[in-house]
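The values are calculated or read from the model by the stated rules, or taken from the named source; none is laboratory data. Predicted model, so just to flag it, every value in this text is computed and none were measured. For neighbour counting, all protein chains shown are included, and Cβ atoms are generated from backbone atoms with ideal geometry for every residue, glycine included.
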Amino acid sequence: MAVDGTRTSKGAPQFVGVGAPATAADLNSTNQWASDNIDGSVPTFGDLNTAGPFWPGKRRLVEADGIVYSWRNITLGWRPWESDWITYSATLTNLAVGTTGSAITEYRYEAGMVRVSFAFTLGGTGFSVGTIPTMSLPVSAATFRAPNEYRNTIPVTLFDANGGTSEGRVSAIAGSTTAVRLLNMPTGVASPITATQPFTWAAGDQMVGEFTYRVA
């Protein structure tokens, strides 16, 4: 293994502290993907560099955060690669779900990108929808290539509890890599979500969707 992280010899990946090539039987062992420290403690991100060799594409699971990291190169080092869903508390602006409403926000890593899933339900008292709601991201995004670049794989659905739906979109915010905005897009042309658009918001109404973006 060269110091720049490139592979200098061929061979199957070996588990830290085991010394034998990985097999299917090893997947359930205590050394799965070198996920456990040699002393048996649960590793943290700081433990990723405690044992080599490393080569581009090598992956290690950090049990402390449930994220699989991939070694990219000597400059980038370890980068988050994949994970199960992780709950986070998004900061909302121009949107309050109310006393009995709910704001569910989760994310996971998929091949180094981040997928966010959200569901906002209005309820009780104190809920409100202002002009162009925004939500914070769980991880800072790479600089968007255009101020209004859409970063979603599934359109946002705006549910009216009295019946009917409207389609929306997630859009970048010019100059921001930490939040996105939610827009109304019923006819293919984006327009602001407001207190009365695409309908008058009431208890039981929802904003639901998923989107992906590149990580900084």
Breaking point among (1) modelled with pLDDT under 95; (2) outside any strand (DSSP E or B), for R60: (2)
Can you confirm whether E106 is in contact with an Asp or Glu (Cβ under 9 Å, 6 or more places away or on another chain) and under 26 Å from S83 (Cβ atoms)? no
Right, N37: surrounded by 14 or more Cβ atoms within 10 Å (Cβ to Cβ) and at pLDDT 60 or above or not? no
Tell me whether region 141-148 contains one or more residues that are at pLDDT 95 or above, polar (S, T, N, Q) and over 17 Å from the mean Cα position of the chain (by Cα). no
Residues of region 95-137 classified as assigned to a loop (DSSP other than H, G, I, E, B) and either surrounded by fewer than 19 Cβ atoms within 10 Å (Cβ to Cβ) or free of Cβ contacts under 8 Å to residues at least 12 places away in the same chain (or both), total: 9
Select from region 178-197 the residues that are in contact with a strand residue (DSSP E or B) (Cβ under 8 Å, 6 or more places away or on another chain) and over 18 Å from T93 (Cα atoms) and write down the one among them that is surrounded by the fewest Cβ atoms within 10 Å (Cβ to Cβ). P186
So T157, is it modelled with pLDDT under 95, closer than 19 Å to E210 by Cβ and surrounded by fewer than 18 Cβ atoms within 10 Å (Cβ to Cβ): yes
Output the qualifying pairs, or none if there are none: Cβ atoms under 6 angstrom, residues six or more apart or on different chains, first residue in region 63-82 and under 15 Å from R115 (Cβ atoms), second residue of a type in the set (V, I, T). P80/I67; W81/V68; E82/V68
Among residues belonging to region 73-94 that are modelled with pLDDT under 90 and outside any strand (DSSP E or B), point out the one that is nearest to T196 (Cα to Cα). L76
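Table: residues versus (1) under 9 Å from the mean Cα position of the chain (by Cα); (2) at positive phi.
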residue	(1), (2)
W81	no, no
D84	no, no
Y88	no, no
G98	no, yes
G101	no, no
I104	no, no
Y109	yes, no
V116	yes, no
F120	no, no
Between residues in region 157-175 that are in the same structural domain as V116 (by TED's automatic domain parsing) and on the phi < 0 side of the Ramachandran plot and residues that are among the aromatic types (F, W, Y) and in a loop (DSSP other than H, G, I, E, B), which pairs lie under 6 Å by C-beta distance while being six or more apart or on different chains? D160/F199; A172/F144
